[in-house]
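Down below is the structure, laid out as structure tokens.
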Amino acid sequence: MNFLAHLHLADISRTSLAANLAGDFAKGSIDNHPKHLQQGIWLHREIDKLTDSHELTLELKGLFPSKLQRAAPILIDLSFDYFLAKYWQEYHHQPLEEFAQKAYQELATCPELPEPLTTMRVRMQQENWLIAYQHRKGLNQAIESVSRRVSKPEIFNGATQTVKKLDIEIEIAFRTFYPQLMAYTKIWSRKTPAQYL
């Protein structure tokens, strides 16, 4: 899952939005991070583990051409954010614009976030990434942005065209898998190990 999905899953499980997003940037043992971030980091890792190992996402990854296999998990995550934003009203009671502002505010006021997230969240808010995901242009911009940050950008060659070509398959996988992930996240939030609460 990518940024919007992690924030959404944090919100519906009534856990910290900022702490869940910190999971993308928190390296090493959870115990080494501030206490108020630990549940969110743990939950983020559980979400990623299920997403990466689920048969639906593995089948979807297999549809990508061999030259995009290394980038496929990232492209799936970004595409799932696109479909979540596109059909947002089906998954959340609050308008996406309001939710995005709430998320930006929580990120701005949460202390001791990992430094890369502290730096990135400024751009995220200025460019309103969470809203941009609603449109194909925003998805393509996200893909291009990620490709510029990796050591081998060539693994993303042809990515935007392939994602568009697999549009129906990705949407079916998202609509089938994401409600399951929502349910699991609510369960995990209630079963968080005591040391992370």
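Quick look at the numbers
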| read-out | value |
| --- | --- |
| Per residue, in Å², the accessible surface of the stretch 112-153 once ligands and nucleic acids are set aside, probe 1.4 Å | 60 |
| Accessible area (Å², per residue) of the stretch 1-96, counting only protein heavy atoms and a probe of 1.4 Å | 40 |
| Cα centroid of the stretch 105-145 to Cα centroid of the stretch 4-65, whole Å | 16 |
| When each of K27/K165; K102/K152; K67/K164; K164/K186; K102/K165; K61/K137 is checked by Cα-Cα distance, pairs over 24 Å | K27/K165; K102/K152; K164/K186; K102/K165 |
| Helix 35-53 axis, angle to the chain major axis (alpha carbon atoms, nearest 10°) | 30 |
| Helix 167-190 axis, angle to the chain major axis (alpha carbon atoms, nearest 10°) | 10 |
| Only Lys, Arg (+1) and Asp, Glu (-1) charged, at Cβ; the stretch 98-189 dipole about Cα centre in debye | 200 |
| Hz values of 3J(HN,Hα) by residue in the stretch 67-78 - Karplus curve (6.51, -1.76, 1.60), Gly and Pro given as x | 5, 10, 4, 5, 8, 3, x, 5, 5, 5, 4, 5 |
| Spin-label zone in the stretch 1-33 - amide nitrogen under 15 Å from a point set 7 Å from the Cα of N128 along the C-beta vector | none |
| Carbon and sulfur %, accessible surface of the chain computed with the full protein complex present, 1.4 Å | 52 |
| Residue-wise HN-Hα coupling along the stretch 157-162, computed from phi with Karplus coefficients 6.51, -1.76, 1.60 (Hz; x: Gly, Pro) | 4, x, 5, 5, 5, 5 |
| Distance-filtered residues of the stretch 159-197 - backbone nitrogen under 17 Å, label point 7 angstrom along K35 Cα→Cβ | 193-197 |
| Label selected from (i) 17.1; (ii) 18.3; (iii) 17.7, the criterion being Kirkwood radius over Cα pairs in Å as computed here | (i) |
| Separation in nanometres of the label points that stand 7 Å from Cα toward Cβ, at M182 and R70 | 3.6 |
| Folded to 0 to 90 degrees: helix 136-149 orientation relative to the chain principal axis, Cα | 80 |
| Added length on full extension, which subtracts the Cα-Cα distance from 0.36 nm per residue, E98 to E154 | 16.5 nm |
| Relative contact order [Cα under 8 Å, 6+ residues apart], the stretch 46-141, whole percent | 27 |
| Cβ-placed point charges (K, R +1; D, E -1), dipole of the stretch 1-159 about Cα centre in debye, nearest 20 | 420 |
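The values are calculated or read from the model by the stated rules, or taken from the named source; none is laboratory data. Worth saying up front: this structure is predicted, and the values here are computed from it rather than measured. FYI the Cβ positions are ideal-geometry reconstructions off the backbone, even for glycines, and counts take in every protein chain you see. Areas reflect the complete protein model, heavy atoms only, side chains present, ligands, DNA and RNA absent. Shrake-Rupley method; radii C 1.70, N 1.55, O 1.52, S 1.80 Å.
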